[in-house]
Amino acid sequence: ATPEDLAPARDGRRGSRVDPFLPYLHQRWNQGCTDASRLFVEIRERGFTGSQRTVRRHLQQVRASGKPAPAVAKALSVRRATHLITSHPDHLDENAALRRKDLLARCPELDAVTACVASFAAMMADLDGQRLPDWLHQTETTGFPSLKSLVNGIRQDLDAVTAGLSMHWNSGRVEGNVNRIKRIKRDGYGRANFDLLRLQILHAD
């Protein structure tokens, strides 16, 4: 492979620009398309910027194995990783739990973030806002700039956040009505005047 084809992989190993395209390459190979030149053109149309030689070398290894191309797991997206970290472990199926375990094993720094998320979720569920100062200290000691920024923001309105984590009362009902009014207003495509909007809101289901 040419030097520009190589790039650091997320797990620290030396990876290749062809890696994100392996699921597609292996699928097409198993469908019967074993022409490296044609496959190179196909993935180039999908955004591959590496060389044809890199693709050919990889497919030679698949050909030499004499077996179907193995399945390749798709790269974990930021949204999916966030879901795995913020979800309660008991709410994850077996496959998701294994992916979460693998994610934390490959990135030990996320252990601290996961612990912060879990302890904050416990505060919310238990309405135990008195633990917030300890949580802020725990979160600040992780050293992550984004978490430190979150801590600073909470401390600026500490009393309100503590109350929100301690009381059953919240603004959920108000926010729900605001969203309902916005939906009714959107339904009028901006052409309804105040009197009509008022009647629609009062008589809406």
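The values are calculated or read from the model by the stated rules, or taken from the named source; none is laboratory data. Please read these numbers as outputs of a predicted model, since none were measured by experiment. Note that we place each Cβ from the backbone using ideal geometry, even for glycine, and neighbour counts take in every protein chain shown. Areas reflect the complete protein model, heavy atoms only, side chains present, ligands, DNA and RNA absent. Shrake-Rupley method; radii C 1.70, N 1.55, O 1.52, S 1.80 Å.
Multiplying the residue separation of L103 and R57 by 0.36 nm and removing their Cα-Cα distance gives an extension gain of 13.7 nm.
Stretching A64 away from Q31 to a fully extended chain increases their span by 10.2 nm, per 0.36 nm per residue minus the current alpha-carbon distance. Calculated mean residue ellipticity, 222 nm, the chain: -19000 deg cm²/dmol, from DSSP H runs (n ≥ 4) at -39500 (n - 2.57) each, averaged per residue and rounded to 500. Longest segment of the chain with no trypsin sites (Lys or Arg not before Pro) in a DSSP loop having at most 14 other Cβ atoms within 10 Å? So the longest stretch without any such site is 75-190. The alpha carbon convex hull volume per residue for the stretch 131-205 rounds to 147 Å³.
Among G47, G190, G66, the residue with the largest mean-square fluctuation in a Gaussian network model of the chain, with springs joining Cα atoms closer than 10 Å, is G190.
With the Kirkwood sum run over all distinct C-alpha pairs, the stretch 78-138 has a hydrodynamic radius of 12.4 Å. Ranking of E42, E94, E175 by solvent-accessible surface, largest first: E94, E175, E42 (1.4 Å probe, protein heavy atoms only, all chains present).
Under 5 Å between amide hydrogens, built in the peptide plane, is the criterion, and for S16 it picks out A7 among residues at least 5 positions away or on other chains. Could you check how much of the accessible area of the chain is carbon and sulfur, as a whole percent, using a 1.4 Å probe? It is 54 percent, rounded to a whole number.
For the stretch 25-143, the calculated P(r) over all alpha carbon pairs, in 5 Å bins from 0 to the bin holding the longest distance, is 2, 9, 14, 13, 11, 10, 11, 8, 7, 6, 5, 3, 1 percent.
Per residue, the chain exposes 71 Å² of solvent-accessible protein surface, assessed with a 1.4 angstrom probe and all protein chains in place. Over the chain, the fraction of Cα-Cα pairs per 5 Å bin, rounded to whole percents and listed from the shortest bin up, is 1, 6, 10, 10, 10, 9, 9, 9, 9, 9, 8, 6, 3, 1, 0, 0. Largest accessible area first, the residues W135, W169 order themselves as W169, W135 under a 1.4 Å probe with ligands, DNA and RNA left out. Applied to the stretch 95-105, the Karplus parametrisation 6.51 cos²θ - 1.76 cosθ + 1.60 on θ = phi - 60° returns per-residue 3J(HN,Hα) values of 5, 5, 5, 5, 5, 5, 4, 5, 4, 5, 5 Hz, with x for Gly and Pro.
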